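Each reported figure results from applying straightforward, stated rules to the coordinates on display, with no laboratory input. Just so you know, these numbers come straight off a predicted model, no measurement behind them. Ideal geometry is used to build each Cβ from the backbone, glycine not excepted, and the neighbour counts take in all protein chains shown.
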Amino acid sequence: MVDELGAYDRDDLRRDDFDRFDDRDRYNFERDMAMERAQEEEMRQMERDRAEYTPKQLQKYYSNVAIAGATLGGGPVAGASMAAFLKTPPGRAIINNRVEATYSGASKSRQKKARRSAGREQIRTSGQFNRASLLMGINPKPRKKNKKHCKNLSTCFKEANSKLRLKNGKLRKGKSQSDVAKLAHRLLKKMK
C-alpha cells in the first residue's frame, strides 16, 4: 500500500502487475512470429509463381489481381481507374518491380530481419503519398470543351477590361473588378 510519503511498498505489489508485463511480451512475440510466418508464406508463393509463370504471364497476373482487388474494394469505378493507372508508366513500373522481386527471390528489404519501423519511417516507405498514388485516376489533361471555354472566357475578360479601365490601367470611376467579371460573363453568354 501507499505510506504517508506516497511510496509503494514492494511487498504489496499484486500478481496482476507482473502478469501485465508477461502479456505484453507474449503479444510482441506472437506478433513477431506472425510477421515471420507471413514473410515465409510470401517467399513460398514467390517460388510457386516463379516455377509456374513466365515474366509476361506474371505481369498479366499481377495486373489482373490489382484490378480485381480495386474492384472489390471500391466498385467498378475503382477497378476502371486502377486499370487506367496500370497503363501509365508509374503503374507499369510497379508491376515490373513486383515481377523482378518474384524472379530475384525476396527483395532486399524482405531479406533483412523483420524489425518494427518507427511511425514516420513507415509512412514514408508506405508509398501512400507518392505522386503516382496521389494522382491515380486523375487525368492531368484538360478536356477539349473546358479548354475552349477557358480560351473564350479569357478573350471576354480582355475585352471587358479594355472597356471598363482607363489607359493607365485604373478602373473607371464607380466601377469595380466585380463589374469587369460580370461584363465578361455577359459577353461570354453572347458568344455562345
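Gain in length, residue 57 to residue 158, computed as 0.36 nm per residue apart minus the alpha-carbon separation, to one decimal in nm? Before the final figure, lay out the partial values.
Values: separation 101, 0.36 × 101 = 36.36 nm, distance 5.67 nm.
Working it through step by step, the gained length comes to 30.7 nm.
Each of 54, 102 has some number of other Cβ atoms within 10 Å of its Cβ, and from fewest to most they run 54, 102.
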